[in-house]
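Working notes, structure below.
The values are calculated or read from the model by the stated rules, or taken from the named source; none is laboratory data. Owing to the predicted nature of the structure, the values given are computational and were not obtained by experimental measurement. Reconstructed Cβ throughout: ideal geometry from the backbone, glycine too, with neighbour counts over all protein chains shown. Side chains are part of the model used for accessible areas, which takes the heavy atoms of the whole protein and leaves out ligands, DNA and RNA. Shrake-Rupley method; radii C 1.70, N 1.55, O 1.52, S 1.80 Å.
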Amino acid sequence: MPALAVDWTYIAQNFFSEIVLRGVWMTLQLSVIGMALGILLGTLFALARVSRQPVLRGASLGYIWFFRGTPLLVQIVFWYFALPQAWPSWAPWNGQLSPFQTGILALAINEGAYMTEIVRAGIQSVDPGQMEAARALGMTHRLAMRRIILPQALRVIIPPTGNEFIAMLKNSSLVSLISVRELFLVAKLQYSSTLLYFEWLIIASGWYLILTTIGSVFQFWLEHRYGAASFGPGAGRRWLSFGAKE
């Protein structure tokens, strides 16, 4: 069997090409905006999840059940194709979203379901006595949650949130189905026209590795700055000492 021939010169020439960088930028936009909105949704539904109101708890559980239980690809297709048809005809807006808006919406809502459980676990990891002490000092429940509980919950929330962002960078490739020109669709269009399949897949894979590596380093820094490594023995040490003695 002949060895696989890969044109590394072609890869080097196109790795930083304008069309590739535009795809990388679109991937970053989808991931960062989708993750930010997902964290916001997750925090809101997590607060509802730990609420004493049964209606709020039920709504949060329903949200988690549906959006964690259905594939993200199905949700993307639904928001793009089915939503305009299901939208009421009497409404002023026809329910149609642009591919980019649909991608952001689908990624954010799906991510919010996972972030709900992550934030909920973080909140419940804090000693209940912290809330009791805050209330004894005259704080309202909302103020105590914002100033006492959530800051302490970060040590549990940050590590899995970083993992979710790494997954988001890769899951953003699914919106290529609705023609959002992110990194994977750019590579797909190029290898379809040039027939250089391996070269363009290597270019896309290389950029995904770069993005996820940067995200992992940032996650590592956050964990040592605000997460579990900032608590307990050794807290306050440099987050990256390379084995240097303290």
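Numbers at a glance
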read-out: Spread of Cα-to-Cα distances over 10 Å intervals beginning at zero, given as percent, for the chain; value: 7, 23, 27, 22, 14, 5, 1, 0
read-out: Environment charge of M26, counting only residues whose C-beta is closer than 10 Å and scoring Lys/Arg +1, Asp/Glu -1; value: +1
read-out: Solvent accessible area, Å² - F78, 1.4 Å probe, full protein context; value: 100 Å²
read-out: On Cα atoms only, tilt of 197-226 relative to the major axis of the chain in degrees; value: 20 degrees
read-out: Range of Cα positions in region 108-169 per principal axis (Å), largest first; value: 43, 20, 14
read-out: Radius 14 Å from Cβ of M168, net charge of other residues (Lys, Arg +1; Asp, Glu -1); value: -2
read-out: Cα-based helix-to-principal-axis angle, 150-171 vs the chain, degrees rounded to 10; value: 20 degrees
read-out: Coordinate range along principal axes, alpha carbons of region 27-81, Å, largest first; value: 39, 22, 15
read-out: Selection of chymotrypsin sites (Phe, Trp or Tyr not before Pro), region 87-179, meeting DSSP coil and at most 15 other Cβ within 10 Å; value: W90, W93
read-out: Per-residue [θ]222 nm for the chain (sum of -39500 (n - 2.57) over DSSP H runs n ≥ 4, rounded to 500); value: -22500 deg cm²/dmol
read-out: Region 142-206 versus region 66-103: alpha-carbon centroid distance in Å; value: 20 Å
read-out: Carbon/sulfur fraction of accessible area - the chain, other protein chains in place, 1.4 Å, %; value: 65 percent
read-out: Nearest-10 value in Å² for the accessible area of T102, using the 1.4 Å probe; value: 0 Å²
read-out: Cleavage-rule hits (trypsin sites (Lys or Arg not before Pro)) in region 1-82: DSSP loop, at most 14 neighbouring Cβ within 10 angstrom; value: R52
read-out: Percentage of interatomic Cα-Cα distances in region 4-95 larger than 22 Å; value: 59 percent
read-out: Net charge over other residues, Cβ less than 13 angstrom from the Cβ of M131 (K, R count +1; D, E count -1); value: +3
